Structures are given as structure tokens and as C-alpha cells.
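For reference, the structure is listed below as C-alpha cells.
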Amino acid sequence: MKNIGQEFINRTKYPSVSPSDESKELAPPDRTCKPRAQKICELPEPEKLSLPEVPIHQAISRRRSRRSYQDKSLENSELSSLLYYTQGIKRSLPGEKSLRTVPSAGARHALETYLYLHRAADLPRGLYHYRAEEHQLALLQEDDLMAEVYRGVLRQKFVRQAAAVFFWAADIYRMAWRYSERAYRYIMLDAGHVCQNLYLVGEIIQAGVCAIAAFDDDYLNNLLELDGREQFVIYAAALGSRKKS
Ligand SMILES: Cc1cc2nc3c(=O)[nH]c(=O)nc-3n(C[C@H](O)[C@H](O)[C@H](O)COP(=O)(O)O)c2cc1C
């Protein structure tokens, strides 16, 4: 078969999928991963923050992709809400499972959030990783990396104005342990839920969000120090303070 997309769909249909490591009774991988950090930054407790009361139907119907942003810096309270409502852990279950603010196939939650912060009120410019279990931001590299991020997203101009760029990376074995090759379908679906929540929280805090899937995979994986095989970027989004329309 010449078309790799059709081949992928066919070979990940249920009868074709290989037996999973779970079915072979292999131990599950950890619930999260922790890249080496330069510094740990505490975030305010998300459930104690008071967000503006916006009815959910209004947030959904007003949501759109916004590609122009003001210069304003992101507050820690805003970062806390954005991270918690996209990937926050609500409850840890026995073993390696957890329940988060988004659904995930088999509650595998095999995504890791990386964040390039360009303009934040209380945090230095740099690359961060969200530690979902602790609800903390781990600073991986303190630096102005906008030129690299811009190149990684194929020089999409609006990204240069963003206060933050979110990257969601698959930690694929966490999903494949249960679903084998079909994991590659599910992880993409999971990421859609995450980005939708970013859009909706953006609506509530007056931030503009634009999803990004046009990017240079190898370049971004390299920037985030992901091997591109076990861990790889699958989705991204730019976010900034919304311009008055
Ligand atoms: C999977 C996905 C990938 C996208 N990638 C990009 C992108 O790389 N650059 C961009 O400017 N917009 C991107 N978008 C935003 C779409 O262009 C946008 O959702 C679409 O035009 C509909 O507009 P709306 O979001 O305002 O309803 C993406 C959206 C999705 C769902």
C-alpha cells in the first residue's frame, strides 16, 4: 500500500493490533515523567483561584483561534489555571493511573506539557515542563528561545507575539503498554481534548489561543530534548493576552 495514512488506519484496526504489554502482564510505566530541572517554580493552587464566571456555552460559542496578542505578561494565577484545566491531576488512582481535567483513553494520560514562556510576570523567560503531580513548573532552560520556537513552528508569524507557547509531547509507551499500535490513534485524540480546554480557559481569562500542528517535528523534538521515538511533540498552541476586537 502506497498511502501511509491509509496503511496506518488499516494496520491499527483491532484484529491487526499486536498483543499489548499489559496483556503479557508486563509492569506499567510511570504515570508521569520528570525531565531534569534547573529550578522548580510553585504555582498557586488552581481550585482556590477565582476565575471570571463565564457560562460554558458562552465560552464554547465565542471561542475562535486568535492570532494577535498584546504585550501583557502572564500572571502565575493564569498559568496555574491554564495548566490545571488542560492537564491537571484531579485524583490519583491506585497504581499508575490518575484522573485529570481532560479525558484520556484508558486513563493512560500519556501526554507531557512543555511550555516556552516568553512573557510571564513572575517567571524568567525560558523552557518549562509541567509537573502535573505536584502542579509545579520545572524550569528546564532559562533563555530567550523565541527565535528557535519560531523556527520550530515553521515561522508562523503570529507566534512571535505570543506570551507562551504550549507543546504537548506523547510519552507513547504509557499509551502503547495497553493499546499497542492503536496507541498512536488515541494519543492524537487525547491531545485534541487538551487543546480545546486551553481554548476555553483562554476565553475565560481573556487570552487568545491558536492551535498549531504545522511544525518541524525533528527541530522541536531536538529543542525539547525529546528522542522523537519514545517521546515526541504532537501538538502545540500559542497563547497571549487578547487584543480588544
Ligand atoms: C489540529 C489543528 C491544527 C492547527 N494548526 C494550525 C497551525 O499550525 N497554524 C494556525 O495558524 N492555525 C492552526 N489551527 C487553527 C485552525 O486554522 C482553526 O481552528 C480553523 O481555521 C478554524 O477557526 P477557529 O478555530 O477560529 O474556529 C489548527 C487547528 C487544529 C484543530
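Computed values, structure above
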read-out: Label-point gap, in nm, between LYS90 and ASP218 - each point 7 angstrom along Cα→Cβ; value: 4.2 nm
read-out: Lys, Arg +1 and Asp, Glu -1 on Cβ, resulting dipole of the stretch 31-241 about Cα centre, debye, nearest 20; value: 620 debye
read-out: Probe 1.4 Å, all protein chains present, accessible-area order of ASP217, ASP30, largest first; value: ASP30, ASP217
read-out: Leading residue at positive end of dipole, the chain (Cβ point charges), from CYS41, GLN141, MET175; value: MET175
read-out: Estimated vicinal HN-Hα couplings, Hz - the stretch 135-151 in sequence order (Karplus 6.51, -1.76, 1.60; Gly, Pro = x); value: 6, 10, 9, 9, 7, 8, 8, 8, 5, 7, 10, 4, 4, 6, 4, 4, 5
read-out: Residues whose placed amide H lies under 5 Å from that of PHE232, excluding near-sequence neighbours; value: ALA170, ILE172
read-out: C-alpha long axis of helix 76-87 to longest principal axis of the chain, angle in °; value: 20 degrees
read-out: Tensor-based shape of the stretch 161-208 (alpha-carbon gyration tensor, a/c under 1.5 rounded, otherwise prolate or oblate); value: prolate
read-out: At 1.567 mPa s and 4 °C, Stokes diffusion of the chain via Kirkwood alpha-carbon radius, µm² per second; value: 70 µm²/s
read-out: DSSP-assigned coil residues among trypsin sites (Lys or Arg not before Pro) in the stretch 80-157, each with at most 12 further Cβ atoms within 10 Å; value: ARG155
read-out: Per residue, in Å², the accessible surface of the chain once ligands and nucleic acids are set aside, probe 1.4 Å; value: 50 Å²
read-out: Mean Cα-pair separation over length for the stretch 31-241, i.e. relative contact order, pairs under 8 Å, 6 or more apart, %; value: 28 percent
read-out: Taking all pairs of distinct alpha-carbon atoms in the stretch 72-217, Kirkwood radius in angstrom; value: 15.9 Å
read-out: GLU75 accessible area, 1.4 Å probe, all protein chains in place, Å² to nearest 10; value: 80 Å²
read-out: Accessible-area order (highest first, 1.4 angstrom probe) of the listed residues TYR69, TYR150; value: TYR150, TYR69
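The values are calculated or read from the model by the stated rules, or taken from the named source; none is laboratory data. Predicted model only: the values in this text are computed from it and were never measured. Note that each Cβ is placed from the backbone with ideal geometry, even for glycine, and that neighbours are counted across all protein chains shown. Side chains included, ligands, DNA and RNA excluded: accessible areas come from the protein's heavy atoms. Shrake-Rupley method; radii C 1.70, N 1.55, O 1.52, S 1.80 Å.
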